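The values are calculated or read from the model by the stated rules, or taken from the named source; none is laboratory data. Please read all numbers here as calculations on a predicted model, not as lab measurements. Backbone-built Cβ (ideal geometry, glycine too); neighbour counts: all protein chains shown. In case anyone asks, the SASA skips ligands and DNA or RNA and just uses the protein heavy atoms, side chains included. Shrake-Rupley method; radii C 1.70, N 1.55, O 1.52, S 1.80 Å.
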Number of protein chains: 4
Amino acid sequence: MKKIILILMIAAFWNVTFAQQKPCATASKFGADDSVGNLNYITAEKTLAASKLITKGKSYRLAIETNKDVPAFPPRTFSITVLQPDQVGGESLGPTKTTYNDDIIMGWVGIGTGIDGLGHIGIDNLYFNCNRAADFVAANGLKKLGVENIPAVATRAVLLDMAGYFNTDIVKEGTAFNRAEIEGAMRRQGIKSIEKGDVVLFYTGWLKLIGKDDKRYQNGNPGLGIEGAKYLASRGVAIAGADNENLEVVPFEKGAGVFEVHQILLANNGIYIIENLNLEEMVKDKAWESFFTLGAPRITGGVQAIVNPIAIR
Amino acid sequence: MKKIILILMIAAFWNVTFAQQKPCATASKFGADDSVGNLNYITAEKTLAASKLITKGKSYRLAIETNKDVPAFPPRTFSITVLQPDQVGGESLGPTKTTYNDDIIMGWVGIGTGIDGLGHIGIDNLYFNCNRAADFVAANGLKKLGVENIPAVATRAVLLDMAGYFNTDIVKEGTAFNRAEIEGAMRRQGIKSIEKGDVVLFYTGWLKLIGKDDKRYQNGNPGLGIEGAKYLASRGVAIAGADNENLEVVPFEKGAGVFEVHQILLANNGIYIIENLNLEEMVKDKAWESFFTLGAPRITGGVQAIVNPIAIR
Amino acid sequence: MKKIILILMIAAFWNVTFAQQKPCATASKFGADDSVGNLNYITAEKTLAASKLITKGKSYRLAIETNKDVPAFPPRTFSITVLQPDQVGGESLGPTKTTYNDDIIMGWVGIGTGIDGLGHIGIDNLYFNCNRAADFVAANGLKKLGVENIPAVATRAVLLDMAGYFNTDIVKEGTAFNRAEIEGAMRRQGIKSIEKGDVVLFYTGWLKLIGKDDKRYQNGNPGLGIEGAKYLASRGVAIAGADNENLEVVPFEKGAGVFEVHQILLANNGIYIIENLNLEEMVKDKAWESFFTLGAPRITGGVQAIVNPIAIR
Amino acid sequence: MKKIILILMIAAFWNVTFAQQKPCATASKFGADDSVGNLNYITAEKTLAASKLITKGKSYRLAIETNKDVPAFPPRTFSITVLQPDQVGGESLGPTKTTYNDDIIMGWVGIGTGIDGLGHIGIDNLYFNCNRAADFVAANGLKKLGVENIPAVATRAVLLDMAGYFNTDIVKEGTAFNRAEIEGAMRRQGIKSIEKGDVVLFYTGWLKLIGKDDKRYQNGNPGLGIEGAKYLASRGVAIAGADNENLEVVPFEKGAGVFEVHQILLANNGIYIIENLNLEEMVKDKAWESFFTLGAPRITGGVQAIVNPIAIR
């Protein structure tokens, strides 16, 4: 029995001593203090170069609306209330009879167009850059990796028309986008490369289902596969987005984990995810490359944020 | 007595018959269906021209954080809660042990950096473009003028360094910015003109008080005066913003109504307002003119929105 | 014109001077400081006498459940969230591995079994005991008439089996209960009198519709009529309740105002209202007279409260 | 090494096979389907007997108020909002000019006077009656052990004046009430016994600190010790309550776990806990034994409930 105890002691010692010195699986290439991952690739040079894509001045509002009816991941709910403080009975304020409305939100953040922060998805409670849940997750807000840290985003967006690539209106749920499909779509559209700090947007036609077949919208979607996610990571992509609820292909690929693409992007590679984007008009205009700006509301400690990115060309 | 009754009857008749044919005080110059006011001035040409202001690629994140501690107009409160649905007891999901955090917001929208929609402030319950409160305000969201209507904003921003103009760090509360001060600041900074569709940002140094003297931050601020508001309106400004809670000078100017500048901008002229902006770094860089983008979260029926505009030059 | 001005001045003077001396329409018979109306009738003597009705020791839980699915008056919504603060990743607290759940509520109070406080319904913004809305209603809670003022209720309840009286399972919507019906039901059940400080409960069979025909449940119900409300007031009733959403008959009686019975009970007479009671078992047991206790949660400034009265006999 | 593997295999087998047949540590004595623990002791006979304690008709409202200012366990927050739906601009409804207020709650349930349901505290995620967290805890409400299951409570309450026993106004924090103190207080007050189905209320004078020394109120309190909790369990007590935030002594006794008294009462013995009770008037009146009624609001899936018990004698 002594031998066993010895082995266990050695194992425990190794665990405590050496494990901490190994770089953990989610370590950031930008250093131990990094909390924004590949957004670091969006340098002034990158922004300046991307701004040259503005040649027409046409802006695209990429958000759908957030409300109680838009399909949302259960058990998320949302409500807004409009009220008129201190004006009961038709009171108005002062000589110019000022009246006003105010609004209250009660609900889950991940409804409508939203960005997943790096504190959203982890691997067995290990989150981006070796952050352990027990160390940074508090009931009243994340102490690290919160969305308030997201810097101003102004970079190049590449729009991949996967519906066009598959020659269909709405790409079938469960269709995985991996390297072959991504490069195929790029070739078809004449996009030469995906580069460090880029935003990659996948158009699947899926948004057309909202209000028509919400159940189908929620039960799956085409999207990024595991190899595709790793490919985007290898290119240094900053943000990946799609016009559906998961970005990631659902049902998951054979052998894949639950939201493993989310794990690969967010936890392993510091790549942000934007879901439920409205890319219809961009596709119509063949706005394959554009200047993409995003200012995420800075709610302290937020896991996700309701956003409305603007693409311009 | 008959005469009186006759007069009253005539008045009532006139009121009912003719008043409705008169354009109302808040009519939009963009027509009866307009719901976004001077944002209509932000055309593709305007956006394209403004994009030429990007010469360095430097982006500015203009939002402050929104949380329970940031000074807010009473009785507004805010809270965020982070939780781990379906992971009680350390459960993880699937073979790759996926774990996740989600977040819930409970609170008033007008906290932190926010845009006032055109449904925020009215004149005796008459809001922008002749919309009567009774016709469009519902407890579960505005039926018109909600923030979900705000288009993609990509235009020129003009930053007025009022602290510099007054040769001080923090401009005194109650200091009104009217035509003389606005044009004075422009001259000082070499800004030639304010134009249709511009965003005008006032720097007052006021943000420096947050966390140091929250009480002072909330009890007043320097800001736009009535004549100044009318002047901006005459120039066709789309959005006016400031680095304090009200944009508008508080205490109000002598003879002014309660938030009358808000009435002039929002209700009479369809000019949006952004409050609590962080303009510190822009001033440090003398980024007097920049490319300004804003994508307001599209919460259906929302009065205001928590935003994070991005300025770039 | 001078005459008109004179008349107007006299009118204004009269208004200011004499109007305030007239007792207002909602004055309490318990004095200017009263904020709980007929609950004042529930004296120690009343409670002691009512306690004698306990002869079997059987208790009745009179509340239905409150949740997102129970039919509610629009636009009321409700949600509960359960979370495990500080236990992310399966952490437990201390040597005995303590774990815990906590819960958050987001929603409107008036869902499920609820008591209407005296600040709920007014007559042109005049509420119980001459309280004008502008004087006591604040966005962050009532400054008077809030439910935190409701004293301990322990009194006699009289249950009127209106379904039995009309010889039906579910009394038809729009059926008004006035003096004739109330006294008829009393006679049928052998109830001799309704007395000061009593709770009067109307059984209509209506609760059986929940989950079966929610739409019908919400679109009307049998209930108290105007004459019936005045009759209860004349008897000094403290609380009136029913097993449906409004207590009051809906559609309203011919010529009646909108929720005029609510006005008569709450505003004019200081009689509380409890809605959505579960009276099924009491009727089955013919528990016509019982000892009724109610402790309303004391949320400061609350208009209504989610309650669960207990009847015992 | 084979031996080790064999031992491990045997252990695993035993674990799977026999462990499930052993009654678990939190098994209910009322059977596998039980979800309300010792409330089962409150039979009709018990209620009837307790009702005889009503000899004066005096009722005691035992709740303190729930609001944003009352001291609460972090990070709990609370807010109420009062609004006037569909009455913007002073609109009223119908010919009798009906106006109304409605209210919204956003906040944590465990604030003010509250009952801890049996799903509140567990031992390593094992809750009352062998319920494992993973099986019954959902983000949108408990699937078992929710407060909606709490039956009507009408039973005997025994009030122990611990401040009197210790001959002080406010018993010092950290003072544990164990068998000796409990029986000592009973003797001093002439209480002969604690019986099955009783509610035991501890008066510590602690409530006097609210509004005067909120920090002290929150940082500890005198209360039930581990041996005392087991003693109450041995007597078959249904509910234990106190006039402070934890009922349980804080700082915990030497060698005790974190909220181990909560574990003993809730998880091991199915005894409910009520905190923040106002017992001042009962003590003044020496209302040592009384008839105690409680109707907990039936929010489906709720962990705790904001309550207002009524004691009568």
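Structural remarks
- Phi angles across the stretch C:227-237 convert, under the Karplus curve 6.51 cos²θ - 1.76 cosθ + 1.60 with θ = phi - 60°, into 3J(HN,Hα) values of 5, x, 5, 5, 5, 4, 4, 5, 8, x, 4 Hz, Gly and Pro given as x.
- Under 10 Å, Cβ to Cβ, from residue C:278 - net charge with Lys/Arg +1 and Asp/Glu -1: -2
- Exposure rank, largest accessible area first [B:187, C:188; 1.4 Å]: B:187, C:188
- Each label point was placed 7 Å from the Cα along the Cα-to-Cβ direction; for residue D:168 and residue B:134 their separation is 6.4 nm.
- Ordered from longest to shortest, the equivalent ellipsoid semi-axes for the protein assembly as shown are 52, 44, 27 Å, each the square root of 5 times a Cα gyration tensor eigenvalue.
- Taking amide H as placed 1.01 Å from N in the peptide plane, residue D:114 has its amide H under 5 Å from the amide H of D:275, D:307, each at least 5 places away in sequence or on another chain.
- For chain C, modelled as a GNM whose springs connect Cα atoms under 10 angstrom apart, the maximal fluctuation among C:45, C:280, C:248 occurs at C:45.
- Computed FRET value (nearest 0.05) for residue B:143 with residue A:284, which takes r as the C-beta separation and R₀ as 22 Å: 0.15
- Across peptide C:37-48, the mean count of Cβ atoms from other chains lying within 10 Å of each residue's own Cβ comes to 2.
- Radius of gyration and maximum dimension Dmax of chain A, Cα, Å: 22.1, 90
- Sorting B:93, D:209 by accessible area puts them as B:93, D:209; the probe is 1.4 Å, largest comes first, and only protein heavy atoms count.
- Within the shell of other residues whose beta carbon sits under 14 angstrom from the beta carbon of residue B:156, the net charge comes to +2, with Lys and Arg scored +1 and Asp and Glu -1.
- Averaged over B:274-286, number of beta-carbon atoms from partner chains that fall within 10 Å: 0
- Listed residues C:46, D:52 arranged by accessible area, highest first, probe 1.4 Å: D:52, C:46
- For residue C:156, distant residues with modelled amide H under 5 Å away: C:199, C:292
- Residue-wise HN-Hα couplings along the stretch C:254-261, as the Karplus relation 6.51 cos²θ - 1.76 cosθ + 1.60 with θ = phi - 60° gives them from phi, are 4, x, 7, x, 7, 6, 5, 5 Hz; Gly and Pro carry x.
- Remark: the stretch C:166-247 carries a charge dipole of roughly 180 debye about the Cα centre, counting +1 on each Lys and Arg Cβ and -1 on each Asp and Glu Cβ.
- Mean Cβ count within 10 Å, highest first, over the residues of peptides C:266-275, B:168-177, B:113-122, C:56-65: B:113-122, C:266-275, C:56-65, B:168-177
- Shielding by partners, peptide C:250-258 (average Cβ within 10 angstrom, other chains): 2
- For residue A:237, the residues whose modelled amide H falls within less than 5 Å of its own, excluding neighbours fewer than 5 places apart on the same chain, are A:197.
- Kirkwood-type radius of the stretch C:116-258, with distances r between different C-alpha atoms, in Å: 16.5
- 10 Å beta-carbon shell around residue C:177, net charge (K/R +1, D/E -1): -2
- With a Förster radius of 51 Å applied to the beta-carbon distance between residue A:196 and residue B:180, the computed FRET efficiency rounds to 0.55.
- Couplings 3J(HN,Hα) of the stretch B:140-153, computed from phi: 9, x, 5, 8, 9, 6, x, 5, 5, 7, 4, x, 4, 10 Hz, in residue order, whole Hz [Karplus 6.51 cos²θ - 1.76 cosθ + 1.60, θ = phi - 60°; x for Gly and Pro].
- Buried area at the D-B interface (accessible, heavy atoms, 1.4 Å probe, summed, Å²): 1200
- Pairs beyond 21 Å (Cα-Cα), from A:68/A:208; A:144/B:212; A:68/D:97; C:58/D:52; B:56/B:196: A:144/B:212; A:68/D:97; B:56/B:196
- Accessible carbon and sulfur surface of the protein assembly as shown relative to its total accessible area, %, 1.4 Å: 53
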